[in-house]
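Have a look at the structure below, then the notes.
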Amino acid sequence: MKVHYEWLLDICTSCEMEAQKAADLLTMAGLNVESVQENEDGETVLDVEVTSNRPDCLSYQGIARELGVLTGFSPKYFPDDVSAREVDSLECVSINIPESARDLCPRYTGRVVRNVEVTPSPDWMQKRLRASGIQPVNNVVDITNYVLLERGQPLHAFDLQKISGSSITARRAKDGESIEALNGQSYEMKPDQLVIADEEGPVAVAGVIGGADSEVQRHTEHVLLESALFDSVSVRHTARDMGVSTESSYRFERKPDPQGVEEASRRAAYLMEEIAGGEVQEAYVDRNFLSEDQLAAKVQNLRIDRVNDLLGVSIDISAAKDILQGLGFQVISEDDGRAMVEIPSFRQDVTREVDLIEEVGRIYGYDRIPEEPDLAQTLPDSNRKEQAREAVRSILPKYGYQEVVTFPFLEDEEQGVPSYWQRPNDDGQTVEQGEESSDSAEDREEEEGVGIIGADGQVERYLRKSLISTFLRVIRTNEGYGMRDVSFFEVGRSFQWDIFEENVLEQEILGMVRSDGFSQIKGDLEAIINRLLEETPRFVSSNHPLLTPGYGAEIYVSHFPVGYVGRLRDGYHEQFEIQNELMVAELDFSLLLHRSVLHKRYESFSRYPRSEKDLSFIADESMEWETMKRCTFAVAPPILEEVKLFDVFAGEGIPEGKKSIAVRLVFRSNEGTLNSETLRNSMKQIVSGVEDRLPVELRGEMD
Amino acid sequence: MEFIEDLEAFREKVDQLIDDCETADELGQVESEYLGPKGEIRSFTERIGSLPDEDRPEAGRTLNSVKNELEERFSRREEELEETAESTAAEAGIDVTAPGESPEAGTNHPITQTMRGVCETFKQLGFEVKRGPEAETEFYNFEALNIPLDHPAREGFDNYYLEGKQCLLRSHTSPMQIRIMEQQEPPIRSVVPGKCYRPDEVDASHHQMFHQVEGLMVGEGVSMRDLKGVLSMFLTNIFGEETETRFRPSYFPFTEPSAEVDVSCFTCFGKGCSLCGGDGWIEILGAGMVDPAVFDAVDIDTQKYTGFAFGMGVERIDMLLRGIDDIRLYTENHQEFLDQF
C-alpha cells in the first residue's frame, strides 16, 4: 500500500519523525516498507508491504495504530457524526438481499445523500489520493476512495436517479447478463458471481467494480452510498475471472472489519456534507446477516510465562498489556501473570494465545530476542542413505561426469521416450515391471504417464518417466553450442501411476550418459555399485526399448533388476537432432540406497605374493565372458583368486566365426608362496576343465 | 725422492683429468679409476712398504695430503658440474606458461553444491538431512500446514495439480515438516533439501522448478531465541563472518510468530546498492515458530513441545553468492556454465 507520510502523521498526532525512521520502525514491526520516495507532487510516500493476514493495515488508521504503539503517540480518529436512524427500507429505493445471496453478502448498508454538488475535490484531498496511488475523479467518488484508504472499508456511490425502478438487489448473476464497468470494458457475468442489480440488470459487480450506467458524474444530484461486506473467496474469483484487481476487491479478498461497515458509510456521508454540500438523509438501511457468534467480541487468555517461553525473552505482564492496549486490544482482567484479552473486531486474524504472543513479540521487537540456541538436545542418526547418495554424487564428477539438474516436464516430442520401468521379459518383449501378464504390455507402452493439469483444467503436459528423455534435451542444447564429448549424470525423480492408477509412484533414479564406449560406462556403474553395496552387479544382455538391440544390458544385484545400460537406439538421434553416439544408463537409486551399507565388512586377505599366468582360448564368437569366467572358477582349485579378460581378438589366424579370448589368471594362497609345480597343476586342471565344459580349446601352449 | 716426484706427477695428471670432465658420469669414472679402492692411487700405497724406513713417514704424509687434496678437487668439481647441469637444464627448461592438463573431471551442479553447503552447516548443528516426495497430497502440502481449502495459495493456477487432483507437485518443501513429525517423536532436528514447482512465468528470476531447503526443530522449550541463534549461525557460515542478520515480523500460515530474515548486503555492506535494492538488506529466508494448528494436525502436544521451522530458496542464495543473473542457466545445463563451478 502506498502511504502518504503527511497524511499518516496527521492521524498520528504529535508524532514528528523523519519518514525513514518511521519506515524502519514499521518494517521491524512487520509492515515492511519497501521504499520511501517523493512523488511528482513532492510528497513523501512510503511503499508498505502488508501481509495477507492484516487487512486492518490496508488503511491509514491501521498503519497509524501501529506507528502509534511503536512511538507512544495515540492516533486520532476523525469525525463521522451525521444524523442517522436505522430503518427497514429507504423510501426512494428498497434494498434486497435474498436468502440465496446472503452467503456472498453477509452485510449491506445503504444511505442517501441528496443535492450534492459534484465538483473536483479540494486540493488537499486530491494530493492525498494521488500520493496513495488513486487518481482523483470528482468529490463524491474521491470521498468514497478517501474513506476506503482511511478506514480500509470499500464504498461505492451510485447516482440514485440512474437506478431503474425502485429497488436494488444483491444477487447472483443470471446467465447471459453483462455489465459495462467504470473502466469502460464490458463483462459477461457468470452465474456464481455476485452483482448489485436494479430492475433492469447489474449496476455493479459486488466488491469489484461499479457500472458505468450508474456512475456519479457532474450532473448527479442524489447519491446512494453503499457500504457492505462481500465474501472474500467470491470476490477473489470474480475479480480473477474478469481480469481486474481494484482497491475494493483487494480489500474484500482480505476480509475487512465486519463492525466497520456502517461507520465507514457515516464517515463518507459526513465528508459529503462537508465537502460536496450534500444533505445526508437520516434514514439508513443495514441488512446484517452476520451471526451473533460472528459479531460477539472474542476473549482470549494470555499467560506471560508462555510469552516468555515461546519468544525466549523475559517481558513482564504490564509491558505486554501496554503493547496489546496500544494495538486496540482490551485487557479485561489480569491476575498472576494471566490476562484476559478482548480482541477488537478489526483483528479477525487474532484468535489464539499464540497470535497474541506474536503481537507482543513483534512490537517488543524481534531484534531484542537474544541469539542463544540451545542445541544440546539430540544427535541425529548417521543417515546411511543420505551419505550414500552424496557419496555417489561426489564420485561421478571424478569419473568425468558433469552433474545436471533438469526440469522433469516433458516436451511433446519427449513424450514417446520409453519409461524406465519398461523392461524386456524373457521373450525379448517389453513389459512393465510388476505387471503379471504380458498381454497388457502393449497397452502399457501406450501409457502416457502422469499428466499435469494446466490453467484450463485439462492435462497440459506430462511428467517424465525416464531421466533419459530430459537428457536428450541437454545433449541437443550442448551439441548446439558445439560441445561434442558429453558425460552427464543426474539424480532425479521419475513418475508413473501405480497399477490402480490412483497414486503417483515416484522413484529416485540415477541417470548417466557418456559419449564413449560401453566398457567405460559399465566400469563406472560397477564402481558406483561397489561403493554402495556388498554385492557385485551382474550385466545380462537385454533389449531395453531405449537401447540399440544387441548393445544393451540389464543390471542385476542378487535377483533384483536395478537398472539398464547400453547404446542409445539410433532412432532417437534423428528425432532429437543429436549426432553423438551415446551410452546411457539408468539405475534405480531408491533401491540401491535402500540396500546400501554404511560400513563395508572387512575381508581378510593373503599376505603371500600373487602369481599371474596367461592363457588364451579359441571360442565361438557368441561366447560371453561371464560364462567363461564362471566356468573357470567352477573348475579351478581354491587358490585361483581372480580371472581377468585382457584381450579378445578375431581375424587373421583365427578361424571364421571364432574368436580368441586371452585370460590372465591370478593365483594366491593363504598358506604360503605358491611353487611352480602347484601352479602348473592348477593350470592343467583349469584348461582341461574348461575344455570339457565349454566349446572352447586352448590356443597354443601353456607357458 | 722418486716416490714424491711420481706422486706429484700423478697429482698433476689427475688434476687435469678432473678439469677435463664435463659430466658427473665422466667424473665418477675418473674417480674410481684413480682414487677408488682399485684405483691407481693404490699402487702408491703399496710402494710405501718397499721404501726405506726413514723415508716412509714423509712418503705417507705426502700420499695422504695428495689424496685429500684430490678428493677435495673431486667434490668441488662435482658441485661445479651440478651447477652447470642445472643452469643448462634451466636454459632448455619448460614453458611454465604452457597450458596445464587437468584430469577430465566433471563438477557437481552449482545447486547441488550450494544445497550441500547449506545442509552441511545444519548437520554440524545437529540437524539430520531428510528427503521427501515431489508429488504430494493436498493434505501434506496445504491442509496440515494450516492452509485451508479456500486459501488463495491453493488455486489451480498457482500450483501444478496432477491428473485426478488427488495430488500436486509440491509448491514448497514444508510438507516434509508434517511427514517428519508423523514419523518421529520430538526432539526433532531436520533439514530437507529438494525440488519444488510453481507455475510462474519463466524469466531471469523465476522458474517453474526451484529448490528449497526446509528446516524443522521441535523439542521442549524451543524458543525464538533458538530460532534466531541457529539461523544467525547458519547465515554467517554461508555469507561470511561480517554478515549481520535481521529478523522482521511476517506472516506464514504454518508459523506463529513468523519472521522474514534478511542479511546485510555483502556487496555494499549496508550502504545500499543495486543488489540489495538500496536499503542494505537482502531477504534470504522465511521462518517462525511452528503454528499450534500444525502440531494439532500431527498430534503433538502443544503445551509440552514447541518448535521452529524455516525455508529458503537455494537458487536465490546461489545467485547471490556467485553473482549469477539468470535463473534459467540452472536448468539449461550448458556445459560451459556448469564447468565453471
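Quick check: is even one residue across the stretch B:89-110 farther than 28 Å from B:L321 by Cα, touching a helix residue (DSSP H, G or I) at 6+ places or on another chain (Cβ under 9 Å) and aliphatic (A, V, I, L, M)?
no
Out of (1) of a type outside the set (D, E, K, R); (2) within 24 Å of A:A29 (Cβ to Cβ); (3) not in a helix (DSSP H, G or I), the odd one out for A:L324 is which?
The one condition A:L324 does not meet is (3).
Table: residues versus (1) out of contact with any Pro (no Cβ under 9 Å at 6 or more places or on another chain); (2) in a loop (DSSP other than H, G, I, E, B); (3) exposed (fewer than 14 other Cβ atoms within 10 Å of the Cβ).
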| site | (1), (2), (3) |
| --- | --- |
| A:L472 | yes, no, no |
| A:R493 | no, no, no |
| A:E501 | yes, yes, yes |
| A:S519 | yes, no, yes |
| A:N530 | no, no, yes |
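Given A:S333, A:S345, which one is more than 26 Å from A:R251 (Cβ to Cβ) and either part of a loop (DSSP other than H, G, I, E, B) or at pLDDT below 95 (or both)?
Among A:S333, A:S345, only A:S333 is more than 26 Å from A:R251 (Cβ to Cβ) and either part of a loop (DSSP other than H, G, I, E, B) or at pLDDT below 95 (or both).
Has the stretch A:256-271 got any residue that is under 34 Å from the mean Cα position of the chain (by Cα), surrounded by fewer than 20 Cβ atoms within 10 Å (Cβ to Cβ) and either away from chain B (no Cβ under 14 Å) or not hydrophobic (A, V, I, L, M, F, W, C) (or both)?
yes
To keep it simple, each residue is scored yes or no on (1) within 14 Å of chain B (Cβ to nearest Cβ); (2) touching a strand residue (DSSP E or B) at 6+ places or on another chain (Cβ under 9 Å); (3) more than 29 Å from B:H211 (Cα to Cα).
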position: A:R476; (1), (2), (3): yes, no, no
position: A:V486; (1), (2), (3): yes, yes, no
position: A:Q496; (1), (2), (3): yes, yes, no
position: A:N503; (1), (2), (3): yes, yes, no
position: A:K522; (1), (2), (3): no, yes, yes
position: A:D570; (1), (2), (3): no, yes, yes
position: A:F576; (1), (2), (3): no, no, no
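Restricted to the stretch B:181-207, and to residues that are within 10 Å of chain A (Cβ to nearest Cβ), outside any strand (DSSP E or B) and touching a helix residue (DSSP H, G or I) at 6+ places or on another chain (Cβ under 9 Å), which residue is farthest from B:Y330 (Cα to Cα)?
Residue satisfying both the conditions and the ranking: B:P199.
For the stretch A:183-191, state whether one or more residues are closer than 16 Å to A:M242 by Cα, crowded, with 23+ Cβ neighbours inside 10 Å and among the hydrophobic types (A, V, I, L, M, F, W, C).
Yes, the stretch A:183-191 has at least one match.
Restricting to the stretch B:120-138, what's the tally of residues that are more than 7 Å from chain A (Cβ to nearest Cβ), buried (at least 21 other Cβ atoms within 10 Å of the Cβ) and not in a loop (DSSP other than H, G, I, E, B)?
2
Restricting attention to strands (runs of 3 or more DSSP E) lying wholly within the stretch A:534-645, give those where 1 or more residues are closer than 25 Å to A:V417 by Cβ and in contact (Cβ under 8 Å) with a residue 60 or more places away in the chain.
Output list reads A:538-541, A:547-557, A:560-568, A:583-588.
Please give the number of the condition B:G240 fails out of (1) facing another protein chain (nearest Cβ under 9 Å); (2) under 28 Å from the mean Cα position of the chain (by Cα).
For B:G240, the failing item is (1).
Looking for whichever is farther than 23 Å from A:V118 by Cβ and in contact with a Pro (Cβ under 9 Å, 6 or more places away or on another chain) here; the options are A:L194, A:L229. Which one fits?
A:L229
For the subset of the stretch A:195-250 comprising residues that are crowded, with 21+ Cβ neighbours inside 10 Å and in a helix (DSSP H, G or I), which member is nearest to the chain's Cα centre (by Cα)?
That would be A:R236.
For the stretch A:235-276, which positions are in contact with a helix residue (DSSP H, G or I) (Cβ under 6 Å, 6 or more places away or on another chain), without any contact (Cβ under 8 Å) to a residue 60 or more places away in the chain and among the basic types (K, R)?
Across the stretch A:235-276, the qualifying residue is only A:R236.
Report whether or not A:I654 is out of contact with any helix residue (DSSP H, G or I) (no Cβ under 6 Å at 6 or more places or on another chain), surrounded by 12 or more Cβ atoms within 10 Å (Cβ to Cβ) and more than 26 Å from A:V540 (Cα to Cα).
yes
Would you check if there is a residue in the stretch B:228-240 being in contact with a strand residue (DSSP E or B) (Cβ under 6 Å, 6 or more places away or on another chain), surrounded by fewer than 21 Cβ atoms within 10 Å (Cβ to Cβ), closer than 25 Å to A:V307 by Cα and not charged (D, E, K, R)?
yes
Identify the single condition in (1) touching a helix residue (DSSP H, G or I) at 6+ places or on another chain (Cβ under 9 Å); (2) of a type outside the set (A, V, I, L, M, F, W, C); (3) within 29 Å of A:I475 (Cα to Cα); (4) modelled with pLDDT under 90 that A:T536 does not satisfy, given that it satisfies every other one.
The number of the failed condition is (3).
Pull up the stretch B:142-160, narrow it to residues that are under 22 Å from A:G449 (Cα atoms) and crowded, with 19+ Cβ neighbours inside 10 Å, then point me to the one that is farthest from the other protein chains (Cβ to nearest Cβ).
It comes out as B:N159.
Please work out which one of (1) of a type in the set (S, T, Y); (2) more than 8 Å from chain A (Cβ to nearest Cβ); (3) part of a helix (DSSP H, G or I) is the condition B:S232 fails and give its number.
(2)
Answer yes or no: is there a residue in the stretch A:311-324 that is buried (at least 19 other Cβ atoms within 10 Å of the Cβ) and more than 14 Å from chain B (Cβ to nearest Cβ).
Yes, the stretch A:311-324 contains a residue that is buried (at least 19 other Cβ atoms within 10 Å of the Cβ) and more than 14 Å from chain B (Cβ to nearest Cβ).
The values are calculated or read from the model by the stated rules, or taken from the named source; none is laboratory data. All of these numbers come straight from a predicted model, not from anything done at the bench. Positions of Cβ are backbone-derived with ideal geometry, glycine not excepted, and every protein chain shown enters the neighbour counts.
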